[in-house]
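The values are calculated or read from the model by the stated rules, or taken from the named source; none is laboratory data. Worth saying up front: this structure is predicted, and the values here are computed from it rather than measured. When we count neighbours, we look across all protein chains shown, and the Cβ atoms used for this are built from the backbone with ideal geometry, even at glycine. Side chains included, ligands, DNA and RNA excluded: accessible areas come from the protein's heavy atoms. Shrake-Rupley method; radii C 1.70, N 1.55, O 1.52, S 1.80 Å.
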Amino acid sequence: MTKLETGHLDGGPRELLAGLLPTLRAFAIPMRNRFRGITVREGALLRGPAGWGEFSPFAEYGPAESSRWLASAIESATAGWPAAVRTAVGVNVTVPALGPRAAHEIAARSGCRTAKVKVAEPGQGERDDVERVAAVRDALGPAGRIRVDANGGWDVPQAAAMLRRLGRFGLEYAEQPCATLGELARLRRLVDVPLAADESIRKASDPLTVRAAGAADIVVLKVAPLGGVRSALRVAAACGLPVVVSSAVESSVGLAAGVALAAALPALDYDCGLATMSLLTGDVTADPLVPAGGMLPVRRVEIDVQRLAAWECDPQRWCERALAAAEFLG
């Protein structure tokens with residue numbers, strides 16, 4: 001059994017990383033539309049005995065926060081993932097904060113029956129959100145499922161008002177409508193729309209406080225920010241709430257870890273936010289993880305040297321970030 005098969009990094013994460021660094025390949029892939037403030041998705045890939053792992057913390061993340069992403073990459077490359085209990089997972093299409101016509105087109109062509117619609121975009125107004133959600137409802141029809149994601153962009157009164165307005169389109173849930181656990185707990189007493197915690201989980205020093213605060217009905221888990229598949233499974237079990245597995249807009253290598261988490265969960269009641277390859281203009285593999293009929297297969301991903309070469313960039317900065325992050329592990 002390898003050091004990571006128990007889900008622990010004790011005994012030498014820097015030694016494990018040292019063995020992986022010679023394989024590091026860095027990438028920078030343009031995005032089709034601006035998403036969470038970025039237009040290019042950057043990251044690094046590491047290869048170990050179990051396959052490829054992805055280390056792609058966002059630029060603003062320091063070594064401490066990035067260390068969880070590194071732990072996830074090392075797990076993927078060194079230990080692999082727990083056994084799956086399903087061979088495919090249902091996914092939603094992600095609709096960025098675009099105009100109603102573009103939003104309608106994205107939802108309609110996705111083949112998914114669930115859509116996550118971005119709302120509360122800085123610089124946009126409430127009318128933009130209403131028109132976007134209305135367009136997606138039209139694209140999916142009455143049987144389609146819609147969830148909205150505000151990334152903590154509303155205060156409690158605004159969130160309550162907006163969820164009442166958007167509620168007429170039949171919302172499955174609202175993801176992180178407010179920034180803090182206290183705000184989510186107050187909002188939960190004011191609205192009928194179920195609330196999902198995202199940032200409150202992955203950025204918390206103790207992800208389990210969301211349950212203690214009575215702040216959410218659902219938890220959104222992302223593998224890399226939680227330190228890997230095994231770590232995320234422990235958080236899911238301790239929270240005791242329904243789970244939606246989501247991506248951090250990774251390449252297919254990173255997405256595969258998210259699919260592995262969704263496949264290993266004992267119960268999976270909601271479609272997952274893992275159909276995000278459509279947000280990027282390219283990938284590092286010849287066989288991207290893209291949904292068919294609203295489903296993603298559970299499998300490893302191999303990089304394609306020619307595909308990667310189109311997006312490859314200087315690895316030095318990523319080597320330095322990985323080494324700095326490793327100081328916080330162990």
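For the reader, a short list of remarks on this structure follows.
- Restricting the first member to region 214-237 and to residues that are among the hydroxyl-bearing types (S, T, Y), and the second to residues that are open to solvent by less than 20 Å² (accessible area, probe 1.4 Å) and at pLDDT 95 or above, the beta-carbon pairs closer than 9 Å and six or more apart or on different chains are S231/A71; S231/S72; S231/E75; S231/V223.
- Number of positions in region 151-171 that are under 22 Å from the mean Cα position of the chain (by Cα) and at negative phi: 3
- Test: residue in region 96-107 that is more than 30 Å from V301 (Cα to Cα), at pLDDT 95 or above and touching a Lys or Arg at 6+ places or on another chain (Cβ under 6 Å): yes
- Residue within region 233-245 that is open to solvent by less than 10 Å² (accessible area, probe 1.4 Å) and closer than 18 Å to E42 by Cα present: no
- Those residues of region 65-92 which are open to solvent by less than 10 Å² (accessible area, probe 1.4 Å), within 29 Å of G111 (Cβ to Cβ) and of a type in the set (S, T, Y), in sequence order: S72, S76
- Selection from region 292-313 of residues that are more than 22 Å from R34 (Cα to Cα), touching a residue at least 60 places away in the same chain (Cβ under 8 Å) and open to solvent by 40 Å² or more (accessible area, probe 1.4 Å): A292, G293, M295, P297, V298, R300, E302
- Criterion: within 14 Å of E320 (Cβ to Cβ) and at pLDDT 95 or above - qualifying residue of G53, G62, G48: G62
- Any pair with Cβ under 9 angstrom, 6 or more apart, that starts in region 77-106 at a residue that is assigned to a loop (DSSP other than H, G, I, E, B) and ends at one that is of a type in the set (F, W, Y): P96/F35; A97/F35
- When region 23-45 is limited to residues that are among the basic types (K, R) and at pLDDT below 95, the one that is surrounded by the most Cβ atoms within 10 Å (Cβ to Cβ) turns out to be R36.
- Flag for L226 being more than 27 Å from A160 (Cα to Cα) and crowded, with 24+ Cβ neighbours inside 10 Å: no
- Pairs are defined by a Cβ separation below 8 Å, a sequence spacing of at least 6 or placement on different chains, a first member in region 43-58 that is in contact (Cβ under 8 Å) with a residue 24 or more places away in the chain, and a second member that is open to solvent by less than 10 Å² (accessible area, probe 1.4 Å) and of a type in the set (D, E); the pairs so defined are G53/E75.
- Residue match in region 315-323 (condition: open to solvent by less than 70 Å² (accessible area, probe 1.4 Å) and more than 22 Å from the chain's Cα centre (by Cα)): yes
- Screening L20 with (1) open to solvent by 20 Å² or more (accessible area, probe 1.4 Å); (2) closer than 12 Å to A326 by Cβ gives one miss only, at (1).
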